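J.: If you scroll down you'll find the structure; I have some questions about it.
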Amino acid sequence: MSGARPVDAAADPVEGRTVGRQVVLDTNIVLDAFVFSDAAALPLRAGLEGGSLRWIATPDMRIELARVLGYPQIVPRLAFYGLQADDVLAAFDRHARRVEAAPKAP
């Protein structure tokens, strides 16, 4: 899963229980999983949907995804798969746990 960086499982701050392994996904992997249904990305998508993986993302990552979904080379692909940008952003909203960006290193 190139583009998906795992982070150790963590305690859920709300529930106090251990949640699935956390992952950070780059935009290309999000497209593979939620637009192209790439076979290599299907286990990732299944893990997100099943709860064994927990996607963490910053608000800027969602902004980037929204921008990419409007690219001229992506819009026809969305149409080919019967999707709209809002469908992919809804998947982001459903699966991604938003966190603040880490502070810049000195």
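J.: Counting just the residues of region 37-52 that are in contact (Cβ under 8 Å) with a residue 40 or more places away in the chain and crowded, with 17+ Cβ neighbours inside 10 Å, which one comes out farthest from E100 (Cα to Cα)?
T.: A41
J.: Still on this structure, please answer the following. Conditions first: (1) under 15 Å from R94 (Cα atoms); (2) hydroxyl-bearing (S, T, Y); (3) more than 13 Å from the chain's Cα centre (by Cα). T58 passes all but one, so which condition is the exception?
T.: Unmet condition: (3).
J.: I would also like to ask the following. Would you call L78 of a type outside the set (S, T, Y) and not in a helix (DSSP H, G or I)?
T.: no
J.: Quick check on my filter: what residues within region 60-87 are touching a residue at least 40 places away in the same chain (Cβ under 8 Å) and under 21 Å from Q22 (Cβ atoms)?
T.: Residue satisfying the conditions is D60 alone.
J.: In addition: Out of the residues in region 70-106 meeting the condition of being in contact with an Asp or Glu (Cβ under 9 Å, 6 or more places away or on another chain) and surrounded by 15 or more Cβ atoms within 10 Å (Cβ to Cβ), tell me which one is nearest to D32 (Cα to Cα).
T.: Filtering first and then ranking leaves L78.
J.: Within region 40-55, track down each residue that is within 23 Å of Y71 (Cβ to Cβ) and outside any strand (DSSP E or B).
T.: Selection gives A40, A41, L44, R45.
J.: Taking only region 59-69 into account, find how many residues are touching a strand residue (DSSP E or B) at 6+ places or on another chain (Cβ under 9 Å) and surrounded by fewer than 15 Cβ atoms within 10 Å (Cβ to Cβ).
T.: Summing the residues that are touching a strand residue (DSSP E or B) at 6+ places or on another chain (Cβ under 9 Å) and surrounded by fewer than 15 Cβ atoms within 10 Å (Cβ to Cβ) in region 59-69 gives 1.
All of the numbers you see were taken from the coordinates with simple rules; none came from a lab. All values derive from a computational prediction rather than experimental measurement. Positions of Cβ are generated from backbone atoms using ideal geometry, with glycine treated the same way; all protein chains shown enter the neighbour counts.
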